[in-house]
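Only one structure is covered here, and it is reproduced in the block below.
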Amino acid sequence: MGDLVRIVGGGTPDRNESTFWRDGTIPWITPTDLTANVSKCISAGAECITEVALRKSNATLVPKGSIVYSTRGTVGNMAIAARPLTSNQSCENLVPLDGEAGSDFLYYLLSFGISAFIRLSGGTTFGSITRRDIARVHFAVPDPAEQAAIARILDAVDTAIERTRVAVERARVVHRSLLHDLLERGPWKGRTGKDKRPAHWLFRRVDEVAEVGSGVTLGKDVTGFKSVELPYLRVANVQDGHLDLSEVKTIRVRVDEVDQYRLEAGDVLMTEGGDIDKLGRGAIWEGQIPDCLHQNHVFRIRANRALLLPEFYSLVVESDIAKRYFMRVAKRTTNLASTNKTQVRAFRFPVPPDLGEQREIANAMQAVKAKLAGLTNRESALRDLKRALMDDLLSGRVRLDVAKVGGVG
């Protein structure tokens, strides 16, 4: 890398010197700014410094097109400078050398080589690397024309990813708004603009309309018992509103306990806790895997279908109504929270007594959820495509005929 760029360090002007900071106009980038930045380029951070600071401190102005690279805290976060700017000492600024490599190509090359930099940082993104570490990592680099073609291809994929990401965020807003509206005001039929939640709706405890079950405990000794190896769901499988079944583990359990822990189609799964964002998140089980169990950190809510549709209750679990309740009753420590079976059973929520009305609400949400799932899957597929292209093009395993791909992007 040292043959491709000039590496310029960053610096922090004296915080006690007001003339260095007040009314500053020169962007001063930190690793925190790089973490918050969602695009390939960066033009501003949380703070700016003055021309005086630039002259009287170790902060250095680097040109547009430089790559600001985080070397401490979150190694490998980076962005291309969209204008001349500075950074603090936890970043190194890679200024492309004329005729060697373009900014866009270097950005992707550095992304591709992140594993090498992480190894140099001690095997974690929360370590640190030095200017010398960056300079001595070796890459295979094609000629400038092929570099530009590779960058154009990856830029085109990045553009598609960004457009899809924005569409996903918009769909999530629609999903949250519609869910709130339907659970607070009921179906649209017969509404007026001032309607609140329908008066005939009831507030029911979970244990009045469903049975709550705990799951199998990992590590139980089954020696001496007839046992069987079966798949089970853990907290990582239960996301907010959907299940991630990309990795399902197995466990050996006693045969006489299988029925107690076996999931049935229509069971609503809900996490016990862990990180605060995992508290009370849930989704409906549709029987995707035969004879699947659930871990003890995942509750299973089995509805009395004469009173409650699983599809309706799974929406309640996704809603702010449930999130507010579980945040209020949970046992909390720094960044961690957990609930228990008693609290799950005691959760009171609004429910139409008419199953037809519950179905109407569930059906209204289904189309929105399907669109969101489709967009999310598209974003994931595009990210997989980008990884595959980077692996092929930046390793040199696949070479480009520049004459044929010159118009890409």
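The values are calculated or read from the model by the stated rules, or taken from the named source; none is laboratory data. A quick note: this is a predicted structure, and the numbers were derived from the prediction, not measured. Glycine also receives a Cβ, built like all others from the backbone with ideal geometry; neighbour counts cover every protein chain displayed.
Need the failing condition index for residue 54 against (1) surrounded by 15 or more Cβ atoms within 10 Å (Cβ to Cβ); (2) out of contact with any Leu (no Cβ under 9 Å at 6 or more places or on another chain), just the number.
For residue 54, the exception is condition (2).
Looking at region 220-260, which of its residues are small (Gly, Ala, Ser) and either in contact with a Phe, Trp or Tyr (Cβ under 9 Å, 6 or more places away or on another chain) or within 25 Å of residue 279 (Cα to Cα) (or both)?
236, 241, 246
Check residue 173 against each of (1) free of Cβ contacts under 8 Å to residues at least 40 places away in the same chain; (2) of a type in the set (A, V, I, L, M); (3) within 18 Å of residue 317 (Cα to Cα); (4) surrounded by 14 or more Cβ atoms within 10 Å (Cβ to Cβ) and name the one condition it does not meet.
Failed condition: (4).
Please state which one of 117, 105 is modelled with pLDDT under 90, buried (at least 18 other Cβ atoms within 10 Å of the Cβ) and assigned to a helix (DSSP H, G or I).
Numbers: 105 fails: modelled with pLDDT under 90.
So the residue among 117, 105 that is modelled with pLDDT under 90, buried (at least 18 other Cβ atoms within 10 Å of the Cβ) and assigned to a helix (DSSP H, G or I) is 117.
Can you name every residue in region 139-155 that is in a loop (DSSP other than H, G, I, E, B) and in contact (Cβ under 8 Å) with a residue 40 or more places away in the chain?
Initially, region 139-155 is screened for residues in a loop (DSSP other than H, G, I, E, B), giving 139-143.
Selection gives 139, 140, 141, 142.
Working only within region 2-52, note down all residues that are of a type in the set (Ser, Thr, Tyr), in contact with a helix residue (DSSP H, G or I) (Cβ under 7 Å, 6 or more places away or on another chain) and in a loop (DSSP other than H, G, I, E, B).
Step one: list which residues in region 2-52 are of a type in the set (Ser, Thr, Tyr), which gives 12, 18-19, 25, 30, 32, 35, 39, 43, 50.
Now restrict to residues that are in contact with a helix residue (DSSP H, G or I) (Cβ under 7 Å, 6 or more places away or on another chain): 19, 50.
The one that is of a type in the set (Ser, Thr, Tyr), in contact with a helix residue (DSSP H, G or I) (Cβ under 7 Å, 6 or more places away or on another chain) and in a loop (DSSP other than H, G, I, E, B): 50.
Can you give me the ranges of the strands (runs of 3 or more DSSP E) entirely in region 182-279 with at least 3 residues that are touching a residue at least 40 places away in the same chain (Cβ under 8 Å)?
Correct list: 202-205, 210-213, 227-233, 273-275.
Give the residue, chosen from 291, 244, 221, that is loosely packed, with under 14 Cβ neighbours inside 10 Å and in contact with a helix residue (DSSP H, G or I) (Cβ under 7 Å, 6 or more places away or on another chain).
The conditions single out 244.
How many residues does region 27-46 contain that are touching a strand residue (DSSP E or B) at 6+ places or on another chain (Cβ under 6 Å) and either surrounded by fewer than 18 Cβ atoms within 10 Å (Cβ to Cβ) or assigned by TED's automatic domain parsing to the domain that holds residue 160 (or both)?
2
Do we find that residue 142 is surrounded by 16 or more Cβ atoms within 10 Å (Cβ to Cβ) and over 18 Å from residue 77 (Cα atoms) in this structure? If you could, list the steps in order and put the result at the bottom.
Values: surrounded by 16 or more Cβ atoms within 10 Å (Cβ to Cβ): yes; over 18 Å from residue 77 (Cα atoms): yes.
Yes; evaluated as a whole, the condition is true for this residue.
If I filter region 352-404 down to residues being touching a residue at least 40 places away in the same chain (Cβ under 8 Å), β-branched (Val, Ile, Thr) and touching an Asp or Glu at 6+ places or on another chain (Cβ under 9 Å), which single residue comes out as nearest to residue 141 (Cα to Cα)?
402
May I ask you to list the residues in region 365-395 that are surrounded by fewer than 17 Cβ atoms within 10 Å (Cβ to Cβ) and closer than 16 Å to residue 179 by Cβ?
Selection gives 366, 367, 370, 371, 373.
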